[in-house]
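Since the structure comes first, as structure tokens, the remarks are kept for the end.
Readers should treat all values here as calculations from the given coordinates under stated rules, not as data from a laboratory. Given the structure is predicted, the values throughout are model-derived calculations rather than measurements. All Cβ positions, even for glycine, are placed from backbone atoms using ideal geometry, and neighbour counts span all protein chains on display.
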Amino acid sequence: MNLLDEIAVSIENGDADEVKKLTEQALSQKVSAENILNQGLVAGMNVVSEKFKNNEVFIPEVLISAKAMKAGMGVIKPLLAQANIQSKGKVIMGTVNGDLHDIGKSIVAMLLEGAGFEVIDLGADVSLEKFMESIKKEDVDIVGMSALLTTTMTFMKVLIDELEKTGLKKRIKVMVGGAPVTSAFAEEIKADGYAPDAAQAVDLAVSLLN
Ligand code: B1M
């Protein structure tokens, strides 16, 4: 097995120490950061993502693998910035105002990152002002909102209305998700897309930008 395959397998195994060690080893053997990213880290995370989609692994395993991926990302991130590698797109993610549930949102953010998107994770309980400030500051392609409470999912329409009012909705796609959210609700509030889980959220983000 070559080093990049070993990195991918270690991501699948959720072995952060091994991923970090192998990533450093690959760099010392002059493997490019881009190859490590695509053929090692992202390849491993893609396998986990597929298994998650097929109910072969579950949330704890995804979180452990995502943490392992982050260990490798930490090693190559400075080099990727220097190499100016094209990201798939820039996504702002947040759990909506008044809602503290951030586990699902974080999984979506990690899988998007694993798939090659640049993700700005605003965390949980994100106010309209904070969303708008970041959207205006960063040249984002997609805004992702997560909500777990029936009482907070209504915030999603508030942000979409604000994006429409400010003219930003014309160039920014909005995706929504979270346990109480449905595709019918997404359609009603004029979101561009809804995904029921993190793996499908990645597919959705890719399709929104194509
Ligand atoms: Co809360 N809680 N909680 N809670 N909590 C729920 C959501 C609830 C269904 C439990 C219940 O009553 N059966 C219920 C909501 C009822 C409703 O509104 N219909 C509830 C309640 C009522 C509350 C409080 C009000 C309780 C209280 O204080 N009385 C309170 C509210 C606090 C607040 O937010 N203001 C509260 C608090 C909490 C904790 C803080 C204790 C904790 C959250 C910890 C944290 O997140 N850091 C918590 C938890 C853990 C839960 C449950 C048990 C689990 C949620 C979770 O993490 N699921 C939940 C019950 C349940 O869902 N079974 C419950 C796992 C996670 C991976 O799934 O977030 O759905 P999920 O994400 C999925 C998909 O939805 C999708 O991908 C993810 C991965 O596949 N997805 C997206 C998510 N975001 C997406 C975005 C996308 C696309 C896909 O695009 C942008």
* Using a Förster distance of 25 angstrom, determine the FRET efficiency expected from the C-beta separation of N54 and N2, and round it to 0.05. => 0.45
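How do M1, M110, M145 rank when sorted from fewest to most other Cβ atoms within 10 Å of their own Cβ?
M1, M110, M145
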* To do: Please give the calculated 222 nm ellipticity per residue for the chain, where each DSSP H segment of at least 4 residues contributes -39500 (n - 2.57) and the sum is spread over every residue; nearest 500 deg cm²/dmol?
  => -16500 deg cm²/dmol
* Structure fact -> Volume per residue (Å³) of the convex hull spanned by the alpha carbons of the range 39-109 is 119
* Asked: Which value results for Rg/Rh of the range 3-83 when Rg is the Cα radius of gyration and Rh the Kirkwood radius based on the inverse mean 1/r?
  -> 0.98
* Can you tell me the alpha carbon radius of gyration of the range 106-210 divided by the globular rule-of-thumb value 2.2 N^0.38 Å? => 0.97
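What is the gain in length, in nm to one decimal, between L27 and T166 on full extension, counting 0.36 nm per residue of separation less the C-alpha to C-alpha distance?
Full-extension gain reported as 45.5 nm.
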* Structure fact -> Computed over the range 51-210, the relative contact order (Cα-Cα under 8 Å, seq sep at least six) in percent reads 22
* Paramagnetic label zone (point 7 Å from Cα along Cα-to-C-beta, E61; backbone N under 19 Å) in the range 8-41 -> 8-19, 41
* Structure fact -> For E187 and L128, extending 7 Å from Cα along the Cα-Cβ vector and measuring point to point gives, in nm, a value of 2.7
* To do: Can you spot the lysines whose alpha carbon is less than 27 Å from K130's alpha carbon? Ignore those fewer than 8 places along the same chain.
  => K67, K70, K77, K88, K90, K105, K157, K165, K169, K170, K173, K190
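With only Lys, Arg, Asp and Glu charged, each at its Cβ (+1 for the first two, -1 for the last two), find how big the charge dipole of the chain is about the Cα centre; round to the nearest 20 debye. Before the final figure, lay out the partial values.
Details: 21 positive and 30 negative charges, 108 e Å.
Magnitude of the dipole: close to 520 debye.
How many percent of the alpha carbon pairs in the chain exceed a separation of 23 Å?
Cα-Cα pairs in the chain separated by more than 23 Å: 45 percent.
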* Asked: Based on DSSP H assignment, which helices of the chain show an axial Cα extent of at least 30 Å together with a mean Kyte-Doolittle hydropathy greater than or equal to -0.5?
  -> 59-83
